[in-house]
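So the structure is just underneath, and the comments pick up after that.
The values are calculated or read from the model by the stated rules, or taken from the named source; none is laboratory data. Just so it is clear, the structure is predicted and the values come from calculations on it, not from any experiment. For neighbour counting, all protein chains shown are included, and Cβ atoms are generated from backbone atoms with ideal geometry for every residue, glycine included. In case anyone asks, the SASA skips ligands and DNA or RNA and just uses the protein heavy atoms, side chains included. Shrake-Rupley method; radii C 1.70, N 1.55, O 1.52, S 1.80 Å.
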Amino acid sequence: MRSIANIVTLAAVALFSTACVSGSDIEKLQSQITELQDQVAALKRTASSKEEVQNVNAKIAEQTQTLLKSNGTLVTKVDSIEERLNNTQGQIEQTNNRVDRIVQQLTQAQHDVDELKAQFARAATPATPSATPTAPAPSTAEVNVAPDAVTDNPTTLYQTAYRDYQRANYDLAIAGFRDFVAKFPKSDLADNAAYWIGESLYSQKKYRDSIAQFDKVVNDYADSDKVPSALLKKGYAYIALGEKAQGIVQLQYVVHEHPKSPEAAKARDELKRLGVETR
């Protein structure tokens, strides 16, 4: 840029050193000098802009490298979180499997208890002496068994209804258990029969009816070992009906009134699943 100024100066000296210099020549030279000065200023601005662009590019490159490093760290953290989630999911599945096995064992244990109760009831029922026929029956006669012969035996009636429940024949089970309660209201199995009516209704998703039946168990058989189970299933039924608040209250009642029972443990698990803390 200094060379351009020198050239302009030399050109001016050359013109003045010649003999023939007109006023128009001087004006023309002055105009050229001004134009050259403008070009010099423009070149300076351009050079300054290029330097700024280079600085900006350098900053962008630096920030890009920083972002790439941060992204790499973030990807590593995400991978670590996913690995922990997968491990946690596996542990949850194992826990669920163990819970399912425990539930099956509890169900079998409950059935065994019911069977023992039935055996005690059968042992306590006096045997009915068979009547001796006064005359031999004709060989061609048909032997008819009265329909009520089976239902007169409380153990047989109860076991028949319970087998219907296990086979998911819930209507038959409900009818059988109701027949049992009606015929043998003082039996040691009457509370069990009333409870299994509620379970049958619950299995049919007749939740409102099952709640009413579980209330009968709680009110009519207050000292029964089926009361905690009836209260627990009431809570489940309310939740199934969408009445979450009522269900939570019912589950909390199980935990408060029967804290050491298996039903209380199930109630705590359900409350935890619902996001409710328990002591």
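When VAL181, VAL150 are screened for being at pLDDT below 55, part of a helix (DSSP H, G or I) and either under 42 Å from the mean Cα position of the chain (by Cα) or more than 30 Å from LYS234 (Cβ to Cβ) (or both), only VAL150 passes.
Being in contact (Cβ under 8 Å) with a residue 24 or more places away in the chain, surrounded by 15 or more Cβ atoms within 10 Å (Cβ to Cβ) and touching a Lys or Arg at 6+ places or on another chain (Cβ under 9 Å) is a description that applies to ALA230. Inspect all residues belonging to region 39-60 and state whether any of them is assigned to a helix (DSSP H, G or I), in contact with a helix residue (DSSP H, G or I) (Cβ under 7 Å, 6 or more places away or on another chain) and at pLDDT below 70. No, because not a single residue in region 39-60 is assigned to a helix (DSSP H, G or I), in contact with a helix residue (DSSP H, G or I) (Cβ under 7 Å, 6 or more places away or on another chain) and at pLDDT below 70. Restricting attention to region 235-279, the residues being of a type in the set (Val, Ile, Thr) and within 19 Å of TYR207 (Cβ to Cβ) number 4. SER224 fulfils the conditions (1) part of a helix (DSSP H, G or I); (2) polar (S, T, N, Q); (3) open to solvent by less than 30 Å² (accessible area, probe 1.4 Å) except for a single criterion, (1). Looking only at residues of region 250-268 that are outside any loop (DSSP other than H, G, I, E, B) and without any contact (Cβ under 8 Å) to a residue 12 or more places away in the chain, we find that the one that is least open to solvent (accessible area, probe 1.4 Å) is ALA265.
Within region 235-249, the residues that satisfy the criterion of being assigned to a helix (DSSP H, G or I), open to solvent by 20 Å² or more (accessible area, probe 1.4 Å) and closer than 15 Å to ASP209 by Cα are TYR236, TYR238, ILE239, ALA240.
Within region 239-253, not a single residue is basic (Lys, Arg) and over 18 Å from the mean Cα position of the chain (by Cα). Of all the residues in region 155-214, those that are surrounded by 17 or more Cβ atoms within 10 Å (Cβ to Cβ) and touching a residue at least 40 places away in the same chain (Cβ under 8 Å) number 6.
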